[in-house]
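Worksheet for the structure shown next.
The values are calculated or read from the model by the stated rules, or taken from the named source; none is laboratory data. Because the structure is predicted, anything quoted here is derived from the model rather than measured. As a convention, Cβ positions derive from the backbone with ideal geometry for all residues, glycine included, and neighbour counts pool all protein chains shown.
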Amino acid sequence: MSAQISTRAAASSDASRITAIYNQGIAARSATFETRPRRIEDLLPRIADDRYPLRVAIETDGAVVGWAGLSSYRSRDCYAGIAEFSIYVDASARGRGVGRVLLDDLVDAARSAGFWKVVSRVFPFNAASRALCRACGFREVGVYEKHGRLDGQWLDVVIVERLIPENLAGAAGDTSP
Ligand SMILES: CC(C)(COP(=O)(O)OP(=O)(O)OC[C@H]1O[C@@H](n2cnc3c(N)ncnc32)[C@H](O)[C@@H]1OP(=O)(O)O)[C@@H](O)C(=O)NCCC(=O)NCCS
């Protein structure tokens, strides 16, 4: 099924679909601590940001069925080569390989952009996301306990990382932790 899915950089005309798919994930309360629904205007600057790729998955008819994007990990120079990632697939398109195609594609985009590591945090009960990360070469680093509250309930998160070895050689920067 994934053979029918392709990817490309997000365009401003995708903002409405990206926002709608993100808001499904926010409403479901299983992907993120975020609870405030996003507006199209919230996503437009992210789509326009040249530093952090935002990619979309599209069906053969051109319909956007998912998105994945990078964002800043930390502002310090020594962490400039690390990016956080987010990924959201439309509820009607899950479980048929879209996430796999998108996340592999995002790692390729991160490699092209020069990042040496991609990280995220996943709720322990988000089985689909943990399986997806494993399938795409991510390692589970450990668990942050009670990392935030969602609807008043403290939740742990599993830290995931994927190194991009091609970009480790010659990476410069402050080496202090
Ligand atoms: C997590 C998410 C992006 C996965 O996308 P998807 O298109 O459904 O995933 P895929 O069909 O590509 O499956 C990827 C892998 O996960 C596995 N998987 C998918 N859904 C699963 C589930 N519910 N339980 C266990 N494993 C699952 C697949 O078997 C596949 O593994 P494999 O390649 O080893 O066979 C999607 O479910 C989603 O958007 N969820 C809501 C938002 C979210 O949780 N985002 C992540 C925030 S950290």
Would you pick out the residues in the range 112-148 that are part of a strand (DSSP E or B) and among the charged types (D, E, K, R)?
-> K117, R121, R139, E140, E145, K146
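Restricting to the range 14-52, name every residue that is part of a loop (DSSP other than H, G, I, E, B) and under 30 Å from K146 (Cα atoms).
At the first step, the residues of the range 14-52 found to be part of a loop (DSSP other than H, G, I, E, B) are 29-39, 49-52.
R29, S30, A31, T32, F33, E34, T35, R36, P37, R38, R39, Y52 - these are the residues of the range 14-52 that are part of a loop (DSSP other than H, G, I, E, B) and under 30 Å from K146 (Cα atoms).
Considering only the range 62-76, how many residues are surrounded by 18 or more Cβ atoms within 10 Å (Cβ to Cβ) and assigned to a strand (DSSP E or B)? Walk me through it before giving the result.
The first filter runs over the range 62-76 and keeps only residues surrounded by 18 or more Cβ atoms within 10 Å (Cβ to Cβ), leaving 64-70, 73.
Filter once more, so that each one left must be assigned to a strand (DSSP E or B): 64-70.
Qualifying residue count, the range 62-76: 7.
With respect to S92, is the statement that it is loosely packed, with under 14 Cβ neighbours inside 10 Å and within 13 Å of the ligand (Cβ to nearest atom) true? Spell out the reasoning first.
On the way: loosely packed, with under 14 Cβ neighbours inside 10 Å: yes; within 13 Å of the ligand (Cβ to nearest atom): yes.
The answer is yes for S92.
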Taking the residues in the range 95-138 that are out of contact with any Leu (no Cβ under 8 Å at 6 or more places or on another chain) and charged (D, E, K, R) as candidates, determine which candidate is farthest from the ligand (Cβ to nearest atom).
-> R111
I26: of a type outside the set (S, T, N, Q), modelled with pLDDT of 95 or more and within 17 Å of F85 (Cα to Cα), yes or no?
-> yes
Is it the case that the range 65-88 has a residue that's closer than 15 Å to Q4 by Cα, more than 12 Å from the ligand (Cβ to nearest atom), among the aliphatic types (A, V, I, L, M) and within 17 Å of the chain's Cα centre (by Cα)?
-> no
